[in-house]
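Student: One structure, pasted below without further comment.
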Amino acid sequence: DVLEKRLENVERIAVKVHNPVGELVDSEILVYYRPDNWGIDASHGRESGSPSGKENGGCDSRVCAFIEMAKVSGLEMLSKAQRNPLRTSTYGLGEAIKAALCRGAGTITLSIGGSATNDGGAGMLQALGYRFYDIAGSLMAAPVCGGDLHRIARMERPLDTAATGGG
């Protein structure tokens, strides 16, 4: 809210994400479109990014996304009975990140306060295409929650890294 009031060229983007207990909910991300001349370092007179602004495949260094974790994986989204970090996941945070990447975001800033989760970001990674396997080699179902962490024996990166911003 503060950034939206202070910056020009911002847009609130509605996104559907899974809340910490897996219910599909409406949320939002904020996208800021920096002017082309923003990357000029006035003290040194050189550009801080690439000439086109594109640095990460389909991502544009001039497009910045801001995601508030409390709005996608937040404690206030849940009733007191649902507040169990062993049964909550950051999967919705990963969905919001993916939405930002689909908008071309080259920079994503996460505000991580107010989380209802304690899964170490495993759910977020699952939403971005990472796969987790247990000791028997079986693929673990999404979303991984805090109580599942002890079962993870192996993790695989997605084959298509474009979905996660590359690299």
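Student: Could you tell me how many of the residues in the range 119-148 are in contact with a strand residue (DSSP E or B) (Cβ under 9 Å, 6 or more places away or on another chain) and of a type in the set (S, T, N, Q)?
Tutor: 1
Student: Quick test for you: out of A136, A142, A81, A96, pick the one residue that is open to solvent by less than 50 Å² (accessible area, probe 1.4 Å) and either under 29 Å from Y32 (Cα atoms) or of a type in the set (A, V, I, L, M, F, W, C) (or both).
Tutor: Selected residue: A96, the only one of A136, A142, A81, A96 that is open to solvent by less than 50 Å² (accessible area, probe 1.4 Å) and either under 29 Å from Y32 (Cα atoms) or of a type in the set (A, V, I, L, M, F, W, C) (or both).
Student: What residue, of V63, V31, V21, is modelled with pLDDT of 95 or more and surrounded by 12 or more Cβ atoms within 10 Å (Cβ to Cβ)?
Tutor: V21
Student: Output the residues belonging to the range 84-108 that are under 12 Å from the mean Cα position of the chain (by Cα), touching a residue at least 60 places away in the same chain (Cβ under 8 Å), over 13 Å from H18 (Cα atoms) and outside any helix (DSSP H, G or I).
Tutor: A105
Student: Sticking with this one: Could you check the range 109-118 and list, in sequence order, the residues that are under 17 Å from V17 (Cα atoms) and out of contact with any strand residue (DSSP E or B) (no Cβ under 7 Å at 6 or more places or on another chain)?
Tutor: Selection gives I112, T117.
Student: Something else about it: If you go through the range 70-83 one residue at a time, how many are of a type in the set (A, V, I, L, M, F, W, C) and farther than 12 Å from V17 by Cβ?
Tutor: Selection size over the range 70-83: 4.
Student: Now a separate question. Restricting to the range 105-115, name every residue that is open to solvent by 10 Å² or more (accessible area, probe 1.4 Å) and not polar (S, T, N, Q).
Tutor: Answer for the range 105-115, where residues must be open to solvent by 10 Å² or more (accessible area, probe 1.4 Å) and not polar (S, T, N, Q): G106, I108, L110, I112, G113, G114.
The values are calculated or read from the model by the stated rules, or taken from the named source; none is laboratory data. Computed from a predicted structure; not experimentally measured. Neighbour counts are summed over all protein chains in view; Cβ atoms, including those assigned to glycine, are modelled from backbone coordinates with ideal geometry. For the accessible areas, the whole protein counts, side chains as well, though only heavy atoms, and no ligand, DNA or RNA atoms are used. Shrake-Rupley method; radii C 1.70, N 1.55, O 1.52, S 1.80 Å.
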